[in-house]
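Beneath this line is the structure, given in structure tokens, with notes to follow.
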Amino acid sequence: MEAGRVYNFNPGPATLPLEVLKEAQAEFLNFNNSGMSILEISHRAPQYAAVHEKAKQDIKDLMGLGDDYEVLFCQGGASQQFAMIPLNYATKEHPGSYVLSGSFAEKAYKEAEHLGVGEIIASSKETGYHHVPQQDELKIDPNAAYVHVCYNNTIYGTEYHYIPETNGVPLFADMSSDMLSRPVDFHKFDFIYAGVQKNLGPAGVVLVVAKKSLLEKSPEKLPTMFRYSTFYKKDSLYNTPPAFCIYMVGKVAAWIKAQGGLEEMARRNERKAKVVYDAIDNSNGFYRGHADKESRSFMNVTFRLPSEELEKKFVAEALTHQLSGVKGHRSVGGMRASIYNAMPYEGAVALAEFMEKFRKENA
Ligand SMILES: *Cc1c(COP(=O)(O)O)cnc(C)c1O
């Protein structure tokens, strides 16, 4: 570990690859011999255009997508996408279908509901969001404009391990917290979006990767900045984009490529997740995982301890072992260790060893 740094298990903003941070630091004052920082360069300058285009291309390459898909850089967080999606695509006649699998899936649905154009086609809320609804739980509406899923549930620590079959209804996914963490047959999705601050960069930009056919036309009545067609036609440069964030996302995408792409990310992420889940499973019930085993997330590991008092103690003691950000979300309680792409294997091992030590001292 770099001197003075910690293993950062925060859910987002989250840990970034050290190599990427150092690279950004090294070229911070003078980007590409421009005599300026990337923060100071016009978004119309050729130096920036190269960054913008390369980031888009690297992301598409990693996802194995071709010319029928486009990459957009939007703002307002994934939360704004919750509203933009129904505004652009759903109507009373053709509503958006939602699968509820956690807090963010619910928030997405609420925006469509607010507009009177949403419906729920499956939910694991009643059973406490311990699992992701499976194919046989989905009541596909052939009349729907799209089916919306949240692919990794950051707060509950559950993740899809299958691609929903929607019988031709376009498939939309919020992949904020597992984007580019593993190979997925992305062609099966029509519209993917991700707030990048979980796995791909600093807060401030949302990645949208969608079929061009969906982006070409948006309802005329919508304000300019709420139409996907504006972003598509102007290459996400209708207004000033968050250039520094896009630059960082580009660096992270290049880093993923250099490490061996999504196969390598998946290999590492599975290995890290196994170490932490093993610490839960081998604890004689001292640690209780929130997610059902079949729905366990490779990105966010959630678990509880025997009492809230012990949970407070765990968080405080973890910090003295350079393990930061392990406190769970207030709505679930307990612990959450986010082990995104940039978390090194050694970090997962350090956490598992601490868990074992803490259990022996407190069981
Ligand atoms: C964090 C998160 C969001 C919210 O993202 P913002 O960019 O803060 O709006 C939405 N969906 C998922 C899955 C998330 O993890």
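The values are calculated or read from the model by the stated rules, or taken from the named source; none is laboratory data. Because the structure is a prediction, the values reported are computed rather than measured. Because the Cβ atoms are built from the backbone with ideal geometry, glycine has one as well, and the counts that use them run over all protein chains shown. Just so you know, the surface numbers come from the protein's heavy atoms only, side chains and all, with ligands and any DNA or RNA stripped out. Shrake-Rupley method; radii C 1.70, N 1.55, O 1.52, S 1.80 Å.
Computed values, structure above
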item	result
Tally, over segment 72-108, of residues that are away from the ligand (no atom under 12 Å from the Cβ) and among the hydroxyl-bearing types (Ser, Thr, Tyr)	4
Residue selected from segment 85-106 under the condition assigned to a helix (DSSP H, G or I) and crowded, with 23+ Cβ neighbours inside 10 Å, by the criterion nearest to the chain's Cα centre (by Cα)	105
Segment 48-84, residues that are small (Gly, Ala, Ser) and open to solvent by 10 Å² or more (accessible area, probe 1.4 Å)	49, 50, 64, 66, 76, 77, 78, 79, 83
Hits in segment 202-223 - residues which are within 15 Å of the ligand (Cβ to nearest atom) and open to solvent by 10 Å² or more (accessible area, probe 1.4 Å)	202, 203, 204
Number of positions in segment 187-201 that are more than 10 Å from the ligand (Cβ to nearest atom) and in a loop (DSSP other than H, G, I, E, B)	4
Residue within segment 163-186 that is open to solvent by less than 40 Å² (accessible area, probe 1.4 Å), over 21 Å from residue 100 (Cβ atoms) and either within 11 Å of the ligand (Cβ to nearest atom) or not hydrophobic (A, V, I, L, M, F, W, C) (or both) present	yes
Only one of 22, 60, 54 that is part of a helix (DSSP H, G or I) and under 20 Å from the mean Cα position of the chain (by Cα)	60
Within segment 131-143, considering residues that are open to solvent by 10 Å² or more (accessible area, probe 1.4 Å) and in contact (Cβ under 8 Å) with a residue 24 or more places away in the chain, the one nearest to the ligand (Cβ to nearest atom)	131
Single residue of 264, 317, 294 found to be out of contact with any helix residue (DSSP H, G or I) (no Cβ under 9 Å at 6 or more places or on another chain) and either in contact (Cβ under 8 Å) with a residue 24 or more places away in the chain or assigned to a helix (DSSP H, G or I) (or both)	294
